[in-house]
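Read through the structure below, which is laid out as structure tokens, and then see the notes.
The values are calculated or read from the model by the stated rules, or taken from the named source; none is laboratory data. Since this is a predicted model, take the numbers as computed values, not measurements. Note that we place each Cβ from the backbone using ideal geometry, even for glycine, and neighbour counts take in every protein chain shown.
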Amino acid sequence: MDDGFDQSPSMMKADIETITSLAKRRGFVFPSAEIYGGFAAAYDYGPLGVELKRNIREQWWKSMVDERDDVVGLEAAIISNPAVWKAAGHLDAFNDPLVECLDCQARFREDHLADESPDGSCPSCPGTQGFTTPKQFNMMLSTIVGPVSDESGRAYMRPETAQGMFVNFSQVQSTMRKRLPFGIAQIGKSFRNEITVKQFIFRTREFEQMEMEFFCYPEDSDEWYEYWKTKRLDWYHSIGIRSEHLRLRAHDPEELSHYSSGTTDIEVHFPWGWGELEGIANRGNYDLTQHADHSGQKLTYFDQDRNEHIVPHVIEPAAGVDRIFLTLLLDAYDEEKVGEDTRTVLRLSPKIAPVNVAVLPLSRNEKLTPTARNVMDVLRSQFKAQYDDAQSIGRRYRRQDEIGTPLCITVDFETMEDDAVTIRNRDTMAQERVPISGLIDACKHNLEAMTVEK
Ligand code: ATP
């Protein structure tokens, strides 16, 4: 594809194996239920992963809801009335083309085959050629709801959060007295029975989405589409992802869903090539019209000034928490030579880092521990702080660098004399002596200086 963008190899310093191993070793992400051998493409987020994920959600919510007057939140049910999926088109058309290797019977997405095996042979048993003709495979995960296990209880785990916003459009609009344009935002789990799952948490069957449906006057939709493309790309810069790792890619006309008049993906230059991080779509009035037709309810907006009922058009920025998580780790990963050693450091923005300040007493003993604990209590009221007094100070710095902690505070024997501690900066490794009385301000100042848009 020649779209005028840089097609050079990814500049990411880590490959997916390095990140998967760091994520496991340092408590970010574990293979799910590993004591039972794991479960295909299912992952459990560990203590640091939970914090990082929360920071992603919080930054998104702040930018999409808290800082605006025109967007409100929603949490809809994961398993809802199956009629939702009929109306939305997912029951009939949420399909991927599935092919099977004639030799080993492994199954693949036909549209991914060229990437997985450029010579056209089977990725599972290289050298053999030949696949069945593609079959349409529905990606909705289903379950049976209620005590009777027959088809009458068939229901679906939502494959996207978006439909919650459409079916609640009127309730949100009237209870919040919203006027056009306005948006409804939601963060939550979605499920897709993906044919192939790979690249760690890039593509899984259970994942989390952050979506916002922005309802506007039909004649303003192109302008809002442009607005949200810029706004969303800027957000990735604001959480510290380097601009050279990101690009906007407009879908070709043949890629577009039939109802969409424009879709642009924000893509990341992953180690295996460019891949989608977020999609921004101009969905027209398709969803509201479908739900109005199927439910028999009116899903319009009454414009008092114009004295007419309007079916708003919708701009949808739809992002995935897990893909952003993976992108942040890949983008922040760095290795540098320090003397004879190689230092691994995650250069995460303080907005995103799971720990902002680590308190590291030089050693664990009766003299240092009480003072270090006091310092910890002061800091935890203001920052995400972690206390660590196990192992040598060198190893503890190394660990904090690897989990992306911007500042380490060392309490040493001099602290007993001068009531001061040392602040070590993750990126420069510079050390600064600061009185405990001024520690909070010094940390704030340092963290601010490290919060740079890239
Ligand atoms: P893809 O083409 O990669 O399958 P999509 O275009 O189907 O993605 P959307 O329906 O636009 O994805 O969903 C919005 C976002 O949700 C995606 O940009 C991605 O970040 C996330 N997402 C979608 N499917 C998955 C998945 N299986 N695992 C993890 N994240 C996902």
Report task. Take segment 249-278 and flag every residue that is closer than 14 Å to Ile315 by Cβ and among the aromatic types (Phe, Trp, Tyr). Result -> Tyr259
Query - Residue that is more than 30 Å from Lys13 (Cα to Cα), within 16 Å of the ligand (Cβ to nearest atom) and surrounded by fewer than 20 Cβ atoms within 10 Å (Cβ to Cβ), where the choices are Tyr217, Tyr227, Tyr259 - result: Tyr259
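Okay, residues lined up against (1) at pLDDT below 95; (2) under 21 Å from Glu211 (Cα atoms); (3) aliphatic (A, V, I, L, M):
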| residue | (1), (2), (3) |
| --- | --- |
| Ile16 | no, no, yes |
| Phe28 | no, no, no |
| Glu51 | no, yes, no |
| Gln59 | no, yes, no |
| Glu67 | no, yes, no |
| Val71 | no, yes, yes |
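Okay, residues lined up against (1) within 23 Å of Leu180 (Cα to Cα); (2) at pLDDT below 95; (3) away from the ligand (no atom under 16 Å from the Cβ); (4) surrounded by fewer than 16 Cβ atoms within 10 Å (Cβ to Cβ):
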position	(1), (2), (3), (4)
Ser221	yes, no, yes, no
Ile266	no, no, no, no
Phe270	no, no, no, no
Gly273	no, yes, no, yes
Glu278	no, no, no, no
Gln290	yes, no, yes, no
Leu299	yes, no, yes, no
Query raised in the report: Does segment 408-421 include one or more residues that are farther than 29 Å from Arg54 by Cβ, among the hydrophobic types (A, V, I, L, M, F, W, C) and in contact (Cβ under 8 Å) with a residue 40 or more places away in the chain?
Result: yes
**Report entry** Checking Arg249 against (1) within 14 Å of the ligand (Cβ to nearest atom); (2) touching a Gly at 6+ places or on another chain (Cβ under 9 Å); (3) in contact (Cβ under 8 Å) with a residue 12 or more places away in the chain, the condition it does not meet
**Finding:** (2)
Query raised in the report: Out of curiosity, is Leu328 free of Cβ contacts under 8 Å to residues at least 60 places away in the same chain, hydrophobic (A, V, I, L, M, F, W, C) and within 16 Å of the ligand (Cβ to nearest atom)?
Result: no
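Out of curiosity, is Gly127 touching a Ser or Thr at 6+ places or on another chain (Cβ under 6 Å) and exposed (fewer than 13 other Cβ atoms within 10 Å of the Cβ)? Give the derivation first.
Values: touching a Ser or Thr at 6+ places or on another chain (Cβ under 6 Å): yes; exposed (fewer than 13 other Cβ atoms within 10 Å of the Cβ): yes.
In short, yes.
Report whether or not Glu211 is buried (at least 20 other Cβ atoms within 10 Å of the Cβ), among the acidic types (Asp, Glu), within 14 Å of the ligand (Cβ to nearest atom) and in contact (Cβ under 8 Å) with a residue 12 or more places away in the chain.
On the way: buried (at least 20 other Cβ atoms within 10 Å of the Cβ): yes; among the acidic types (Asp, Glu): yes; within 14 Å of the ligand (Cβ to nearest atom): yes; in contact (Cβ under 8 Å) with a residue 12 or more places away in the chain: yes.
Spelling it out, Glu211 is indeed buried (at least 20 other Cβ atoms within 10 Å of the Cβ), among the acidic types (Asp, Glu), within 14 Å of the ligand (Cβ to nearest atom) and in contact (Cβ under 8 Å) with a residue 12 or more places away in the chain.
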Query raised in the report: Going by the conditions given, is Arg107 charged (D, E, K, R), more than 25 Å from Met157 (Cβ to Cβ) and surrounded by 14 or more Cβ atoms within 10 Å (Cβ to Cβ)?
Result: no
Report task. Might you let me know whether segment 113-131 holds any residue that is assigned to a strand (DSSP E or B), touching a residue at least 40 places away in the same chain (Cβ under 8 Å) and not assigned by TED's automatic domain parsing to the domain that holds Asp322? Result -> no
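Just checking, how many residues over segment 38-95 are assigned to a strand (DSSP E or B) and among the β-branched types (Val, Ile, Thr)?
Of segment 38-95, the ones assigned to a strand (DSSP E or B) are 43-45, 71-73, 79, 95.
Then drop every residue that is not among the β-branched types (Val, Ile, Thr), which leaves 71-72, 79.
The qualifying residues number 3.
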**Report entry** Positions within segment 246-288 being touching a Leu at 6+ places or on another chain (Cβ under 8 Å) and among the β-branched types (Val, Ile, Thr), in sequence order
**Finding:** Thr263, Thr264, Ile266, Val268
Report summary line: Scanning segment 321-379 for residues that are basic (Lys, Arg) and assigned to a loop (DSSP other than H, G, I, E, B) gives Arg347, Lys351, Arg364, Lys367
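Which of the following residues is within 16 Å of the ligand (Cβ to nearest atom) and either within 25 Å of Trp61 (Cα to Cα) or among the aromatic types (Phe, Trp, Tyr) (or both): Ala319, Ala353?
Details: Ala353 fails: within 16 Å of the ligand (Cβ to nearest atom).
Sole residue among the options that is within 16 Å of the ligand (Cβ to nearest atom) and either within 25 Å of Trp61 (Cα to Cα) or among the aromatic types (Phe, Trp, Tyr) (or both): Ala319.
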Report task. Determine whether Met140 is in contact with a Pro (Cβ under 8 Å, 6 or more places away or on another chain) and either in a loop (DSSP other than H, G, I, E, B) or at pLDDT 95 or above (or both). Result -> yes
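Any chance you could count how many residues in segment 149-206 are among the aliphatic types (A, V, I, L, M), more than 10 Å from the ligand (Cβ to nearest atom) and modelled with pLDDT under 95?
If we filter segment 149-206 for residues that are among the aliphatic types (A, V, I, L, M), which is where we start, we get 155, 157, 162, 165, 167, 172, 176, 180, 184-185, 187, 195, 197, 201.
Narrowing the set further to residues that are more than 10 Å from the ligand (Cβ to nearest atom) leaves 155, 157, 165, 167, 172, 176, 180, 184-185, 187, 195.
Checking which are modelled with pLDDT under 95 leaves us with 195.
Total meeting the criteria: 1.
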